[in-house]
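Asker: Pasting a structure here, questions to come.
Since every read-out is calculated from the coordinates, none of them should be taken as a lab result. Predicted, not measured: the structure shown is a model, and the values here were computed from it. So basically every Cβ, Gly included, is an ideal-geometry build from the backbone, and we count neighbours across all protein chains shown.
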Amino acid sequence: MRTTPDRERAGRAIERRIDEMGWEYKEIADAARISVETLSRIRRGYAVAHRTYRKLEPALGWGAYAIDDLLAAPDAGVPEVMPGKRRPLPPTTARKSAPEGQPAADVVADLFKQMGIDGQSPRECVAHLCEEVGELAKATRTGDRTNLAEEVGDVGILLHRIAALYGVDVDQAIREKAASRLERHRGGES
């Protein structure tokens, strides 16, 4: 797919913002939960899914749809950095693990709240889940264990979030499904 002047202009604005922040590309990509390759494509002006822009905007400290505004208007200024919420965590904070023993559902709820995306709809979460499952499939093909672990984490986070939105206990659902499958297996069903 080719670049366009609008996407190239947005890519330059994103590049300037990353420089202002003083972060490495990997740190921005990690904060946005996208690959460095995807960030590179955006910076060079190639098309990506709009949901990818939604993931990148808070990592840059920009509000929702700021990149769409850059794409739509040739004379659009640089997006304002949102005060308080939706600002990126410093790289050292972003890498900290949740406390040991804290239930995964609580970790996920806290993550979404801290990132300022706890208002995401189930539909948005399912769209992100589909994207992450694709990235997980790619990681299994390449055999990159570090990336595989990250993608498993992404899928797990989104599964927990969707379950929480509907009041489903993931651990209980897994136990019940495992028992059901085992019962079918013992009964000769597949």
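Asker: State the answer as a single residue: which of LEU71, LEU158, PRO58 lies farthest towards the positive end of the charge dipole of the chain, with beta carbon charges of +1 for Lys and Arg and -1 for Asp and Glu, about the Cα centre.
Answerer: Going by the charge dipole, the pick is LEU71.
Asker: Straight-line reach from LYS177: which aspartates and glutamates have a Cα under 19 Å away, not including same-chain ones fewer than 8 places off?
Answerer: Excluding near neighbours in sequence, the set is ASP169, GLU189.
Asker: What Kirkwood Rh does the chain have if only Cα atoms enter the pairwise 1/r average? Answer in Å.
Answerer: Kirkwood radius, the chain: 18.4 Å.
Asker: Place +1 on the Cβ of every Lys and Arg and -1 on the Cβ of every Asp and Glu in the chain, take the dipole about the Cα centre, and give the residue among LEU148, ALA179, THR4 whose Cα lies farthest towards its positive end.
Answerer: THR4
Asker: Once the other residues with Cβ under 15 Å from the Cβ of THR140 are scored (Lys, Arg +1; Asp, Glu -1), what is the net sum?
Answerer: So the surrounding residues net to -3.
Asker: Also, I was wondering about something else. Mind listing the phi-derived Karplus ³J(HN,Hα) values for the stretch 17-23, rounded to whole Hz, using 6.51, -1.76 and 1.60 with θ = phi - 60°, and x for any glycine or proline?
Answerer: Result, rounded to whole Hz: 5, 4, 4, 4, 6, x, 9.
Asker: I would also like to ask the following. Once both axes come from the Cα atoms, what is the angle between helix 50-60 and the longest principal axis of the chain, in degrees from 0 to 90, rounded to 10?
Answerer: Result, in degrees: 70.
Asker: About its Cα centre, what dipole magnitude does the stretch 1-85 give when the only charges are +1 on Lys and Arg Cβ and -1 on Asp and Glu Cβ, stated in debye to the nearest 20?
Answerer: 320
Asker: Further, regarding this structure: Per the helix-only calculation at 222 nm, which mean residue ellipticity applies to the chain, given -39500 (n - 2.57) for every DSSP H run of n ≥ 4 and division by its residues, nearest 500 deg cm²/dmol?
Answerer: So the helix-based figure for the chain works out to -20500 deg cm²/dmol.
Asker: For the stretch 104-190, just say rounded, prolate or oblate: build the C-alpha gyration tensor, square-root its eigenvalues into a ≥ b ≥ c, call rounded for a/c under 1.5, and beyond that prolate if a/b exceeds b/c, oblate if not.
Answerer: Values: a/c = 2.29, a/b = 1.29, b/c = 1.78.
Oblate.
Asker: Using only Cα atoms, locate the centre of the stretch 1-46 and the centre of the stretch 124-190, then give the distance between them in Å, rounded to an integer.
Answerer: After rounding, the separation between the Cα centres reads 29 Å.
Asker: Can I ask one more? Give the cross-link partners of LYS138 among the aspartates and glutamates, using a straight C-alpha distance below 14 Å as the criterion and excluding same-chain residues fewer than 8 apart.
Answerer: Within the straight-line cut-off, LYS138 pairs with GLU37, GLU150, GLU151, ASP154.
Asker: Quick one: 3J(HN,Hα) in Hz for the stretch 109-123, Karplus 6.51/-1.76/1.60 with θ = phi - 60°, rounded, Gly and Pro as x.
Answerer: Result, rounded to whole Hz: 4, 5, 4, 5, 5, 5, 7, x, 10, 6, x, 4, 6, x, 4.
Asker: Each label point is 7 Å from the Cα along the Cα-to-Cβ direction; what then is the distance between the points at THR140 and ASP6, in nm?
Answerer: 3.7
Asker: Could you give the dipole magnitude of the chain about its Cα centre, charging the beta-carbon of Lys and Arg +1 and that of Asp and Glu -1, in debye to the nearest 20?
Answerer: Computed charge dipole of the chain: roughly 300 debye.
Asker: Once you've got the GNM for the chain with C-alpha springs shorter than 10 Å, pick whichever of GLY101, GLY61, GLY153 has the biggest mean-square fluctuation.
Answerer: Of GLY101, GLY61, GLY153, the Gaussian network model singles out GLY101 as fluctuating most.
Asker: Let me ask you something else. Take VAL36 and GLU183, extend 7 Å from each Cα along the Cα→Cβ direction, and tell me the distance between the two endpoints in nm.
Answerer: 4.9
Asker: Specify the angular offset, from 0 to 90 degrees and rounded to the nearest 10, of the alpha carbon long axis of helix 145-165 from the longest principal axis of the alpha carbons in the chain.
Answerer: Between the helix axis and the principal axis of the chain, the angle is about 80 degrees.
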